[in-house]
1. Contour minus end-to-end for Thr5 and Ile107, with contour as 0.36 nm per residue of separation and end-to-end as the Cα-Cα distance?
2. Using a 1.4 Å probe, how large is the accessible area of Leu99, given in Å² and rounded to the nearest 10?
3. Keeping all protein chains in the complex and leaving out DNA, RNA and ligands, what accessible area do you get for Val31 with a 1.4 Å probe, in Å² to the nearest 10?
4. How high is the FRET efficiency from Leu46 to Cys74, r the C-beta distance, R0 25 Å, rounded to 0.05?
5. Given the options Leu84, Leu46, Leu60, state which has the largest fluctuation in a GNM of the chain using a 10 Å cut-off (strictly under) for Cα springs.
6. Using a 1.4 angstrom probe on heavy atoms only, work out the carbon and sulfur share of the accessible area of the chain in %.
7. Run the quick spin-label model on Ala21 and Asn66: label points 7 Å from Cα toward the beta carbon, then report their separation in nm to one decimal.
8. Rounded to whole Hz and in sequence order, give me ³J(HN,Hα) for the stretch 82-98 from the Karplus expression 6.51 cos²θ - 1.76 cosθ + 1.60, θ = phi - 60°, writing x for Gly and Pro.
Amino acid sequence: LPDVTALRLHQERARLGRAWAGFFAEHPVIVGPAVVGPPWPVDADLDPERGLPMLERATLPLLPANALGHPALCLPMGVDDVGLPVSVQISADRFREDLCLRIAEVIVGRGPCAPIVRRRMDDVSPEA
């Protein structure tokens, strides 16, 4: 990378880090899906035209923690109504692994979750 490009990337990462720190000051922990969207067919991620865009959309919730160095953990939550694994991601501000672990302990302490019924996005109304 040219020096100017590398400098701009570092500046943008620092800016995003400050923005996320502000968010975490008001909301100490995020609990959300680890992967979004319906399950894809076997080897769909290898499709040369659609594979990468599909993975980028599905893994969007994972990107902030990975790019900015925030602690995050993925907690298995069981399986859905067709037997596919379901999980949540717990993330917090930098150096706050303790919050991720504490929330994971609370979730695990509540016992197994009920199976999640998957619905196609076009079956979901705004009121659902």
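The values are calculated or read from the model by the stated rules, or taken from the named source; none is laboratory data. None of the values given here were measured: they were computed from a predicted structure. Using ideal geometry, Cβ is built from the backbone for each residue, glycine included, and neighbour counts are taken over all protein chains shown. Heads up: the accessible areas ignore ligands, DNA and RNA and are worked out on the full protein's heavy atoms, side chains in. Shrake-Rupley method; radii C 1.70, N 1.55, O 1.52, S 1.80 Å.
1. Working: separation 102, 0.36 × 102 = 36.72 nm, distance 4.23 nm.
Net length gain for the segment: 32.5 nm.
2. The value for Leu99 is about 30 Å².
3. For Val31, solvent-accessible area is about 80 Å².
4. Numbers: r = 23 Å, r/R0 = 0.90.
Given R0 = 25 Å and the Cβ-Cβ separation, E is 0.65.
5. Taking springs between Cα atoms under 10 Å, the residue moving most is Leu46.
6. Details: 5890 of 9490 Å².
Carbon and sulfur atoms account for 62 percent of the accessible area of the chain.
7. 2.4 nm
8. Values, residue by residue: 10, x, 8, x, 10, 8, 10, 10, 10, 9, 8, 5, 3, 6, 10, 4, 4 Hz.
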